[in-house]
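Colleague: Please see the structure below; I have some questions.
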Amino acid sequence: MQYKLRHYKSLISTQDKAKEFSKKGLNNIVVISDVQTKGRGRFKRKWYSDNGSLSMSILLKPKNIANLQYLTFAAAISIVKAINKLIKVSTKIKWPNDVHYKGKKLCGILTEGIFGKENYVVVGIGLNVNQNKFPAEIKNIAISLKLIKNKTINIQDVSKIILTEFFIIYNDQYNKNKFKNIQKTWKKYCDTIGKNVEVITKTKKIYGKAVGIDKNCNLLLKLKNNKIVKIIEGDINIRY
Ligand code: BTN
């Protein structure tokens, strides 16, 4: 499937620009901006994006909108694969949708549905590519490809490979309802499963061992008393 690329020097958020395109009935549009003045992450968090970042939103109009979490998984897989192909660095997925390197966050994904007469999805990808340093509040938890490889990386090259990998999964697996295949590949790159984790919800902390994911991509957590509870993405944060 061919996508159309729209490149901007500065936007408030590529997510919002992609949504504007959806209002015009367009889809398969990729919005990239060199900087975002108000990039946003999950849980309405601020997403730091400067010239060193890849800030990209993919606007899709999938037939199947009941399984959007698999688009997030597809994006995470594409990012891990692209980084490996381009600079031979092995990164991991942290459930549900962060890509990290040795515990530091490299990339976040924000998937938003636009539901109405016609349904659209915007998959937003924020990847730290060429930052030399980060603002104080994230400097201990964030990393960039440049800091890993000690060299400047061409942001356009990374975006192209991510998009190629993403659209292969979107066309050949997501649109053909091959969700098990997506989960299988995702599990290969995910390092959350098998780990003891701390799940932080708005009201409490839960400790347990991540033992798997269910068909809706929820995390299955085994508690001390051997009970298995389902952790639904939404208002949680996990720590290893
Ligand atoms: C997260 O980890 O909380 C998700 C971060 C997603 C950031 C990307 S950058 C491109 C797109 N535009 C935004 O405003 N957010 C997403």
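The values are calculated or read from the model by the stated rules, or taken from the named source; none is laboratory data. The structure presented is a predicted model; accordingly, all values stated were derived computationally and were not measured. Cβ placement follows ideal geometry from the backbone for every residue including glycine, while neighbour counts extend to all protein chains displayed.
Colleague: Could you check F134 against (1) touching a strand residue (DSSP E or B) at 6+ places or on another chain (Cβ under 6 Å); (2) surrounded by 13 or more Cβ atoms within 10 Å (Cβ to Cβ); (3) over 19 Å from W47 (Cβ atoms); (4) aromatic (F, W, Y) and say which number it fails?
Modeller: (3)
Colleague: Sticking with this structure for a sec: Can you find a residue that is more than 22 Å from T91 (Cβ to Cβ), crowded, with 16+ Cβ neighbours inside 10 Å and more than 14 Å from the ligand (Cβ to nearest atom) anywhere in the stretch 115-122? Before you say what the answer is, go through the steps one by one.
Modeller: From the stretch 115-122, those more than 22 Å from T91 (Cβ to Cβ) are 115-122; that's our starting set.
Keeping just the survivors that are crowded, with 16+ Cβ neighbours inside 10 Å gives 119-122.
Subset that is more than 14 Å from the ligand (Cβ to nearest atom): 119-120.
For the stretch 115-122, residues more than 22 Å from T91 (Cβ to Cβ), crowded, with 16+ Cβ neighbours inside 10 Å and more than 14 Å from the ligand (Cβ to nearest atom): present.
Colleague: Within the stretch 32-52, restricting attention to residues that are touching a strand residue (DSSP E or B) at 6+ places or on another chain (Cβ under 6 Å) and among the hydroxyl-bearing types (S, T, Y), which residue is modelled with the lowest pLDDT?
Modeller: Result: S49.
Colleague: Does K94 meet the test of being of a type in the set (K, R) and modelled with pLDDT of 95 or more?
Modeller: no
Colleague: Of a type in the set (S, T, N, Q) and under 18 Å from N67 (Cβ atoms) - does that describe any residue in the stretch 211-231?
Modeller: Scanning the stretch 211-231 turns up at least one residue that is of a type in the set (S, T, N, Q) and under 18 Å from N67 (Cβ atoms).
Colleague: Then there is this: Can you pull out the residues in the stretch 214-238 that are within 17 Å of the chain's Cα centre (by Cα), closer than 20 Å to Q183 by Cβ and either among the β-branched types (V, I, T) or part of a loop (DSSP other than H, G, I, E, B) (or both)?
Modeller: Within the stretch 214-238, N216, C217, N218, I232, E233, G234, I236, I238 qualify.
Colleague: Can you find even one residue in the stretch 104-111 that is closer than 23 Å to I58 by Cα and either more than 14 Å from the ligand (Cβ to nearest atom) or touching a residue at least 60 places away in the same chain (Cβ under 8 Å) (or both)?
Modeller: So far as the stretch 104-111 goes, yes, one or more of its residues are closer than 23 Å to I58 by Cα and either more than 14 Å from the ligand (Cβ to nearest atom) or touching a residue at least 60 places away in the same chain (Cβ under 8 Å) (or both).
Colleague: Being aliphatic (A, V, I, L, M), surrounded by 20 or more Cβ atoms within 10 Å (Cβ to Cβ) and more than 7 Å from the ligand (Cβ to nearest atom) is the filter here; which residues of the stretch 30-63 pass it?
Modeller: Within the stretch 30-63, V30, V31, I32, L54, I58, L59, L60 qualify.
Colleague: Give the residues of the stretch 186-214 that are touching a Leu at 6+ places or on another chain (Cβ under 9 Å) and not polar (S, T, N, Q), sorted by residue number.
Modeller: Filtering the stretch 186-214 for residues touching a Leu at 6+ places or on another chain (Cβ under 9 Å) gives 192-193, 197, 199, 206-214.
Answer for the stretch 186-214, where residues must be touching a Leu at 6+ places or on another chain (Cβ under 9 Å) and not polar (S, T, N, Q): I193, V197, V199, I206, Y207, G208, K209, A210, V211, G212, I213, D214.
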